[in-house]
Amino acid sequence: MYRALHTSRTGMKAYQDRLDVISNNISNSQTDGYKRLDVDFVELIKDSMECSGTGSTDDSAKTAALGTGVRTGVSYRILDQGILVQDENPMAMAIEGEGFFGLQNESGELLLTSNGQFEISIDGNLVNGDGYIVEIDNQESLEGLNPGQLQISNSGELLAIGMDGSRESKGCLKLYRVLSEEYLIDAGESLFKAEEDGVEEIDLGDSVDTFVKQGFVEKSNVDIGQEMVDMMISQRAYQMNARAVQSADDMWSLINNIKR
């Protein structure tokens, strides 16, 4: 009876963890650049039970392998691209195709993000909402430029537009490709850290499937409809495990009453 209680309890805990992941996805469905989380289930180690009786062979006893429940594995990010939506911010940027923008925090660490809500800082840098500097190759100061004077080409080049229509290059955005989602470390607010050997720079000059779009922003890749379906399935599974716990507890109480 204890085995039934334990197995059902692990099921309740696993589906509660999955519900927490789904709830986090739903709450971030409107967060720019958010990448949805998912989680796998992992079977717990099997136990063996000796089954005695008379069979068709000479063996008078056999063993049966029984599962001891389930747990959730490590949660992971789904890196599929969210939809690109036009934004009023002229410094908003989105990546069409694979890749992340690179940012530097106060410690000089490389952070990755799909959220391209940028602006020009007072000291002439392109920064995100937290003031982290956007990584740009051969960057020249943007000081004195207003957003309407800066254009970003599909290849990520920053062009300052003069009063006479002239164009002056101010550098080129650095984009990064993550070799596998397992190299990503969540840093909060749609930001990620990446292990050094798990990321590489994208050469936009040679890329035929990755482009930068100015005036657009990538939205969350959460599909609310699918998340609601997953939530209902997880709730049903949680309820079934809870009923199994209740049934095992009722049978245990019945046995205890018989002994009395």
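The values are calculated or read from the model by the stated rules, or taken from the named source; none is laboratory data. This structure is a prediction, so every number in the text was calculated from the model and none was measured. Every residue, glycine as well, gets a Cβ built from its backbone with ideal geometry; the counts of neighbours run over all protein chains shown.
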Original post:
Say we look at the stretch 121-158 and pick out the residues that are within 13 Å of P90 (Cα to Cα), surrounded by fewer than 20 Cβ atoms within 10 Å (Cβ to Cβ) and hydrophobic (A, V, I, L, M, F, W, C); which of these is modelled with the highest pLDDT?
Top reply: L150
**OP:** Would you mind finding the one in S247, S207 that is hydroxyl-bearing (S, T, Y), more than 24 Å from Y76 (Cβ to Cβ), at pLDDT below 90 and assigned to a loop (DSSP other than H, G, I, E, B)?
**Re:** S207
Original post:
Here are some conditions: (1) at pLDDT 80 or above; (2) touching a helix residue (DSSP H, G or I) at 6+ places or on another chain (Cβ under 9 Å). N24 meets all but one. Which one does it not meet?
Top reply: (2)
Original post:
What single numbered condition from (1) assigned to a strand (DSSP E or B); (2) at pLDDT 90 or above; (3) more than 23 Å from T113 (Cβ to Cβ) fails to hold for V85?
Top reply: (3)
Original post:
How many residues does the stretch 87-120 hold that are under 21 Å from the mean Cα position of the chain (by Cα) and either surrounded by 20 or more Cβ atoms within 10 Å (Cβ to Cβ) or not assigned by TED's automatic domain parsing to the domain that holds I152 (or both)?
Top reply: 14
Original post:
Which one is farthest from the chain's Cα centre (by Cα) among residues in the stretch 163-201 that are over 27 Å from N25 (Cβ atoms) and crowded, with 16+ Cβ neighbours inside 10 Å?
Top reply: K170
Subject >> Residue in the stretch 107-140 that is nearest to L173 (Cα to Cα), counting only those that are free of Cβ contacts under 8 Å to residues at least 24 places away in the same chain and not polar (S, T, N, Q) >> reply: V127
Original post:
Scanning for something more than 13 Å from K174 (Cα to Cα), in contact with a Pro (Cβ under 8 Å, 6 or more places away or on another chain) and not polar (S, T, N, Q), does the stretch 87-105 turn up at least one residue?
Top reply: yes
**OP:** Quick one: which residue in D40, D32, D80 is surrounded by 15 or more Cβ atoms within 10 Å (Cβ to Cβ) and either modelled with pLDDT of 75 or more or among the small types (G, A, S) (or both)?
**Re:** D32
